[in-house]
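Q: First the structure, which I've put down as structure tokens, then a few questions once you've had a look.
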């Protein structure tokens, strides 16, 4: 069966978005061996997890093992009970959510939020590492371009946002927002991605 539905548990305090303290408190998985490009592979895995959860629900409805195998992050990815408020999706998408934490480096990583009832996913990334090069590498990669088509791009309030449609399922629309200048912060996300099925056609 899918992970048990549970009420969203939001950290009431202004917790740091991604820090060693949060790592120790929210995820009990053993630290993985460091891969060659942990930031890049972690973000790629988050995007893969997003697509897999929304477009292939058969991979998790009868157990999460196929989903985990397809995302292929091993013990770098695990379910957690709660995430910081800054990593939560928009309120209208906070329905039957499950929270995944993806470890990248000691001080940086990603959260992936999915839903049993709404065809959506929400990714945030942050920490004490500048994620701009990682996001740029993802967007220029052949794998990403093979699945996602850029349809719009705009800048607002210090954030650059790109809008994509999925090439195999055009109703799946993704917005990817990142800082338009180099910065690092453990207090708030540097990257925010939301994807959902647009039923309006």
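FYI, it's all coordinate maths here, none of it is from the lab. Small disclaimer: the values here were computed from a predicted structure and weren't measured. Reconstructed Cβ throughout: ideal geometry from the backbone, glycine too, with neighbour counts over all protein chains shown.
Q: Once the Cα gyration tensor of the stretch 97-201 is diagonalised, what are the square roots of 5 times its eigenvalues, in whole Å and ordered largest first, as equivalent ellipsoid semi-axes?
A: Working: eigenvalues 103, 60, 33 Å².
For the stretch 97-201, the ellipsoid semi-axes come out as 23, 17, 13 Å.
Q: Please report the relative contact order for the stretch 61-140, taking Cα pairs under 8 Å with a sequence separation of at least 6, and give it as a percent rounded to a whole number. Each step should come with its number before you reach the end.
A: Numbers: 100 pairs, mean separation 17.1, N = 80.
RCO, the stretch 61-140: 21 percent.
Q: Each label point is 7 Å from the Cα along the Cα-to-Cβ direction; what then is the distance between the points at residue 105 and residue 168, in nm?
A: The two pseudo-label positions are separated by 3.2 nm.
Q: For the stretch 109-201, what does the relative contact order come out to in percent, with C-alpha contacts under 8 Å and a separation of six or more?
A: Details: 176 pairs, mean separation 29.7, N = 93.
Rounded, it is 32 percent for the stretch 109-201.
Q: Ranked highest first by the average count of other Cβ atoms within 10 Å around their residues, in what order do 132-138, 103-109 fall? Display every interim value, and only then the final one.
A: On the way: 132-138: 17.6, 103-109: 21.0.
With the highest mean Cβ count within 10 Å placed first, the list reads 103-109, 132-138.
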